[in-house]
1. Where Lys and Arg each count +1 and Asp and Glu each count -1, what net charge lies around Glu178 among other residues with Cβ under 9 Å from its Cβ?
2. Given Tyr430, Thr370, His458, which one lies farthest toward the positive end of the charge dipole of the stretch 307-460, if we put +1 on the Cβ of every Lys and Arg and -1 on the Cβ of every Asp and Glu?
3. So, with +1 on the Cβ of K and R and -1 on the Cβ of D and E, and no other charges, what is the size of the charge dipole of the chain about its Cα centre, to the nearest 20 debye?
4. Tell me which chymotrypsin sites (Phe, Trp or Tyr not before Pro) from the stretch 152-183 have a DSSP coil assignment and no more than 15 other beta carbons within 10 Å of their own.
5. What is the angle, in °, between the Cα long axis of helix 195-208 and the longest principal axis of the Cα atoms in the chain? Nearest 10 is fine, range 0 to 90.
6. Cross-link candidates for Lys418: which aspartates and glutamates have Cα within less than 18 Å, leaving aside residues fewer than 8 places away along the same chain?
7. His458 versus Tyr302, label points 7 Å from Cα toward the beta carbon: distance in nm?
8. Nearest 10 degrees is fine. How inclined is helix 245-255 to the longest principal axis of the chain, computing both from alpha carbons?
Amino acid sequence: MAILALKSRPTEVTPEADTSGPIELVRYVCAIGAMQSAAAIPRVVPITHCGPGCADKQYMNLAFYNGFQGSGYGGGPVVPSTNASQREVIFGGVDRLRELIESAQLVLDADLFVVLTGCIPDLVGDDVGSVVRDFQKKGVPIVYAETGGFRGNNFTGHEAVTRAIIEQYLGPWNGVREQGLVNLWSLLPYQNTFWRGDLEEIKRLLESIGLKVNVLFGPDSAGLGEWRNIPRAQFNLVPSPWLGLATAKLLEERYDQPFLHIPVLPIGARQSGEFLRQVADFAGLAPEPVEAVIAAEETRYYNYIDGFTDFYSEYWWGLPARFAVVGDSAYNLALTKFLVTQLGLIPAKQIVTEDPPVEHRDAIREQFRTIDHDVSVEVEFAEDSYLIHEAIRKADFGHKPPIIFGTTWERDLVKEMKGSLIEVGFPSSYEVVLSRSYVGYRGALSLLERIYSTVVSHSA
């Protein structure tokens, strides 16, 4: 697994720290890692125009050593690559790319090919767009996105891929909106270890109040059929601090399609109920059936919580009181909200690691500062694990062992601090994840099981 990236180490963790140069133990991959976003769409196959090993590294980091999620239909060893060499650096690689696309059509059964570029073709100036457009004119279902590593990480690469499909594949539309149909833009496939189960739970909740959902990614998606239906939807839903907003704004501009932005992923009864009410109100749904769904979900949820309280009241003296979260803003914010408002735990350190765009950081800070009516949290932005770990060592966890919600990179640190670790983000190399979810009502119950099983087993 790659553990070094070209960013510099600032002297301390600060929101606007300079990060040009090497950093330790990276928590994302480069923009071409968005090949996994393409592979997350059923029957879509990415084609990578990059140096040898680049595509394999993206797959191994995101889909293997991160919950061992697997390659899916078009990912992993299936992904064709030009394996650009010195020859392509000197003479250009468009001919090699053209040959690869022609060969891929012959041997791979795909509804759509997505060409992604790496550093070499982007630096030497290969006209990938011209090559792809030639195939598009022949009726080949293919699009391209420029995803050289210097353009950003796989979060920005993901937005480039969704933009490419919308602009190059969907085309204009002037039909009639379908009331109750929603496009869901949220978690980053494969980067978020639990994205499949989380999207399944969000879709289940939305359908329970009468909506239809284009989930777009993962096993619950109908693939390109859902993507073609994007313009028909009543609105776009973005339950995320920032990822997906650029796509929603593009669709608003292109199709005059409204969007609802809910910055906090719902975890637990309180947040899930608020989430459903916000969506229902925006969709114009009658409140009575929605409240009936919420009541039924809460009855089931609190029935399990009632049993859990016996354990919680008996072992409270040995359970952690303070916690830290190290990870992507979506899970960091959602976990912090849940742990503070529904478990009463005290936040000791919150560090966001995916390098969110500067224009979104104040909004993320504001969400943490208003985490509850009487709790305010100052979040920090950092990518260098050396600095992250130093900040956690200096945090005040009181007299009890800490609980850290983080990644595999925190394992040695947590052992040193004699605390407990819940792996909730990339990389999660000690978790095998199939359909597990930590969002919604059901995901919160799974999260509680995971937290306190870990704490009890650690204290035994």
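Rule-based calculations on the coordinates, nothing more; no lab input. Everything quoted here is computed from the prediction, not taken from an experiment. Heads up, the Cβs are rebuilt from the backbone with ideal geometry, glycines too, and the neighbour counts pull from every protein chain shown.
1. Details: positive: Arg177, Lys212, Arg232; negative: none.
Neighbourhood net charge equals +3.
2. Positive-end residue among those listed: His458.
3. On the way: 40 positive and 57 negative charges, 105 e Å.
Dipole magnitude for the chain comes out near 500 debye.
4. On the way: sites: Phe155, Tyr169, Trp173; in loops: Trp173.
Loop-located and lightly packed - Trp173.
5. Result, in degrees: 80.
6. Hits, sequence-local ones excluded: Glu390, Asp396, Glu410.
7. Calculated label separation equals 3.0 nm.
8. Taking Cα atoms only, the helix is inclined about 50 degrees.
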